[in-house]
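Rule-based calculations on the coordinates, nothing more; no lab input. Please read these numbers as outputs of a predicted model, since none were measured by experiment. Reconstructed Cβ throughout: ideal geometry from the backbone, glycine too, with neighbour counts over all protein chains shown.
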Amino acid sequence: MSKNISTKLTEREFDILYLLTTGYSNQEIGTELEISKHTVKAHVESIYRKFGVHNKVQATIYAIYHKVIDIEELKTSLPAPPPAECIEPETPELQPV
């Protein structure tokens, strides 16, 4: 973890950033951390300001690139993709008769 960048974040901002990078919505982050979605939004905006970014994708890329979030740890927290047999095959295009 990059000390210069990570020390700019409060502990709560770091918790929110971690959940944000795993794909949680503001509402889901609020539920998980037992705070309002408006409080989450304020923290997210503070993270954007500190990182100099404008959205969740940019914040995630910034956090991974600057080692604020460990990508290996992030990988283990994400749900596994469904097995191939659970994925519905694509429907072939219908041909006009």
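Some notes on this structure:
- Rounded if a/c under 1.5, otherwise prolate or oblate - the stretch 24-76, Cα gyration tensor axes: oblate
- A full extension of the chain between GLU72 and LYS37 corresponds to an added length of 9.8 nm, given 0.36 nm per residue minus the alpha carbon distance.
- Annotation for GLU45 and LYS8: the two label points, set 7 Å from Cα along the Cα-Cβ direction, are 1.8 nm apart.
- Net charge of Cβ neighbours under 12 Å - reference ASP15; Lys, Arg +1; Asp, Glu -1: -3
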